[in-house]
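Participant: First, the structure itself, so that you have it in front of you.
Every number in this text was worked out from the coordinates using simple rules, so none of it is lab data. Given the structure is predicted, the values throughout are model-derived calculations rather than measurements. Here the Cβ positions follow ideal geometry from the backbone for every residue, glycine too, while neighbour counts run over all protein chains shown.
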Amino acid sequence: MIRFLTRFFRREQQYSAVGKELFKLAIPIIGSYLLHTAYNLTDMIWVGALGSNAVAAVGSAGFFLHLGWAMASIVTVGANIKISHAVGAKDKKLAGRYATSGLWGIAFIASVFSVIFWGFPEKFIEFFKMDDPEVNDMAISYLVISTFGVVLSYLNLLFISIFNAHSKTKISFKASLIGTVINVALDPLLIFGLSLGVDGAAYATIIGRSFSLLYFFYIYKNTDNINFRGFLPSIDKLKDVFGVGTPAAIQRISFSIIYIFLARIIAEWGPSAIAVQKIGVQIESITFMIVGGFMQAVTIMVGQSYGARNLTEVPNIYKAGWRMSFTVGAVTTIIFLLIPKTLFSIFVPEEESILMGKEYLMILAVSQLFMCLEMINAGVFNGLGKTKISATVSVIFTSLRLPGAYLLGFYTFLSLNGVWWSITGSSILKGIVMYLLLRAYMKKNTFGKI
């Protein structure tokens with residue numbers, strides 16, 4: 001009995017120590033994610049004051065911008081994981097080589113997407129086949145203006161990945177804070193003060209991210225811990241970054257593409273339904289961002305443990321991350337069930353949209369804990385460099401949302417709610433499958449039990 005109690009308290013102290021480290025690392029990441037959400041929510045609040053048509057325009061253009069950000073994750077995710085491995089191995093030179101290779105990779109991707117968005121904006125917006133010419137014109141204008149900020153956005157994402165891999169998450173948070181404060185201040189001035197409408201929201205975002213990037217440059221110039229090694233990229237290191245980052249990018253790209261087609265299905269119920277989906281995603285993203293912070297912290301800590309060849313710590317990191325994420329998921333589930341109308345009424349004045357939004361959030365509440373489970377398990381796999389596993393599960397089950405939405409939406413009494421249930425059902429399946437796969441992987445590789 002004494003031996004059992006000794007082992008128990010020793011294990012709890014390990015969990016506590018790991019949990020404190022994870023929490024300390026995650027909080028600035030969560031802060032950065034929430035500030036990024038604040039970017040979007042601020043735009044939605046001010047744009048929402050222009051009406052559902054304006055929200056639909058920004059939402060339609062936003063799908064393609066998110067597709068570009070997903071493509072950039074080939075580099076940002078890959079660089080984050082490979083640099084964290086180098087940091088764990090205490091190889092500063094290797095970390096610098098990966099950073100340089102990541103810089104060249106992100107510059108190439110940003111250039112490609114800028115040319116595409118500038119050259120054919122009408123073709124992208126026409127995909128939704130919205131009948132309202134005003135919505136189409138606003139969406140095209142918003143997409144073109146936002147494209148000028150693509151390079152800035154991608155460079156910000158790269159610097160966040162590099163600094164976070166070195167456990168410098170507070171710097172990423174401060175950069176995000178600077179950009180968000182400027183964006184929040186400029187939104188009403190540009191949208192209403194200068195009567196720029198949705199274009200003003202795009203300009204405010206570009207200016208805010210410019211200042212975030214300037215802060216990153218300032219910190220980089222005044223620190224010796226983080227560096228870029230060499231001018232030209234290493235082909236081998238670039239292959240490593242792309243090799244690890246590509247599955248994660250495919251996951252994010254497929255997610256964006258699936259949501260573009262999902263939006264096409266939702267458009268059958270009119271601009272109000274598109275607006276509800278856009279706003280609902282932003283509200284739900286609060287949960288996603290908080291748990292995403294824990295997921296990213298898990299990835300970094302597991303990655304550094306992997307680089308240091310200290311794999312016995314991985315189960316403790318997982319358990320600490322899951323406990324924190326479970327708490328967040330439980331709270332948001334309750335909130336979505338109790339005050340869905342209140343949440344939606346912040347963003348749109350129309351009663352029809354508010355009622356649609358209420359049903360959206362109550363249905364999505366069912367899947368919140370499973371989404372948390374999926375993300376923490378994915379964080380462990382990503383930290384180990386096994387991004388293919390989490391990407392494969394995500395792509396397969398997220399893809400099921402399209403036939404599910406079509407069948408439930410058009411061929412059952414559920415109508416639009418059937419689309420929301422297809423989203424919830426796939427999230428539940430992803431959480432369960434990811435847990436079972438990680439449990440089997442840990443057992444096979446004798447890391448310990450989770």
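Participant: If the elastic network links every pair of Cα atoms under 10 Å, which of S161, S254, S176 fluctuates the most in the Gaussian network model of the chain?
Facilitator: Of the options given, S254 has the highest mean-square fluctuation.
Participant: Please list, or write none, the aspartates and glutamates whose alpha carbon is within less than 18 Å of the alpha carbon of K430, excluding same-chain residues fewer than 8 places away.
Facilitator: Answer for K430, where 18 Å is the Cα cut-off: E284, E374, listed by chain and number.
Participant: Separate question: Springs between alpha-carbon pairs under 10 angstrom, Gaussian network model over the chain: which of E352, E313, E374 fluctuates most?
Facilitator: Sorting by GNM fluctuation, first place goes to E352.
Participant: Size of the dipole of region 356-450 about the Cα centre, Lys and Arg at +1 and Asp and Glu at -1 on the beta carbon, nothing else charged, in debye to 20? Each step should come with its number before you reach the end.
Facilitator: On the way: 9 positive and 2 negative charges, 96 e Å.
For this selection, approximately 460 debye.
Participant: In addition: 222 nm [θ] for the chain, helices only, -39500 (n - 2.57) per DSSP H run of 4+, per residue, to 500?
Facilitator: Roughly -29000 deg cm²/dmol at 222 nm, from the helical runs in the chain.
Participant: Set the bar at 19 Å for Cα to Cα. Now go through K174/K278; K237/K443; K386/K444 and name every pair that lies beyond it.
Facilitator: Listed pairs above 19 Å: K174/K278; K237/K443.
Participant: Run the dipole for the chain about the Cα centre, Lys and Arg Cβ at +1, Asp and Glu Cβ at -1, nothing else charged, and hand back the magnitude in debye, nearest 20.
Facilitator: 2880
Participant: For the chain, calculate the relative contact order in percent as a whole number, restricting contacts to Cα pairs under 8 Å that are 6 or more residues apart.
Facilitator: 23
Participant: Local charge sum around K430 (other residues, Cβ-Cβ under 13 Å, Lys/Arg +1, Asp/Glu -1)?
Facilitator: 0
Participant: Could you give the nm distance between label points at R264 and N227, where each point is 7 Å from its Cα heading toward the beta carbon?
Facilitator: Simple spin-label model gives 5.0 nm for this pair.
Participant: Fewest first, what order do I140, I432, I235 take by the number of other Cβ atoms within 10 Å?
Facilitator: With the sparsest Cβ surroundings first, the list reads I235, I432, I140.
Participant: So I have [x] 0.97; [y] 1.09; [z] 0.93, and one of them is Rg/Rh (Cα atoms, Kirkwood Rh) calculated from this model. Which one is it?
Facilitator: [x]
Participant: Excluding S32 itself, what net charge comes from residues whose Cβ is under 10 Å from its Cβ, given Lys and Arg +1 and Asp and Glu -1? Can you show the working numbers first?
Facilitator: Numbers: positive: K170, K174; negative: none.
Here the count lands on +2.
Participant: Tell me which DSSP H helices of the chain clear both cut-offs, 27 Å or more of axial length from alpha-carbon atoms and a mean Kyte-Doolittle hydropathy of at least 0.0.
Facilitator: The qualifying helices are 2-48, 52-88, 92-119, 169-188, 198-221, 235-266, 271-307, 314-338, 416-444.
Participant: Which distance in Å, rounded to a whole number, links the C-alpha centroids of region 136-206 and region 371-450?
Facilitator: What the calculation gives is 30 Å, centre to centre.
Participant: Residues of region 256-274 with the amide nitrogen closer than 16 Å to a label point 7 Å from the Cα of I116, along Cα-to-Cβ, please.
Facilitator: Counting only backbone N, you get 256-261.
Participant: Another question, if that's okay. So, by mean Cβ neighbours within 10 angstrom, what's the order for 345-351, 103-109 with the highest one leading?
Facilitator: My ranking of the peptides, most packed first, is 103-109, 345-351.
Participant: Can you give the FRET efficiency for L311 and I396, using 1/(1 + (r/R0)^6), R0 = 22 Å, r = Cβ-Cβ distance, to the nearest 0.05? Don't skip to the end; give the middle numbers.
Facilitator: On the way: r = 28 Å, r/R0 = 1.26.
So, using R0 = 22 Å, E works out to roughly 0.20.
Participant: Lysines near K168 by alpha-carbon distance under 17 Å, same-chain residues fewer than 8 away left out - which ones?
Facilitator: Straight-distance partners of K168: K20, K24, K82, K90, K92, K221.
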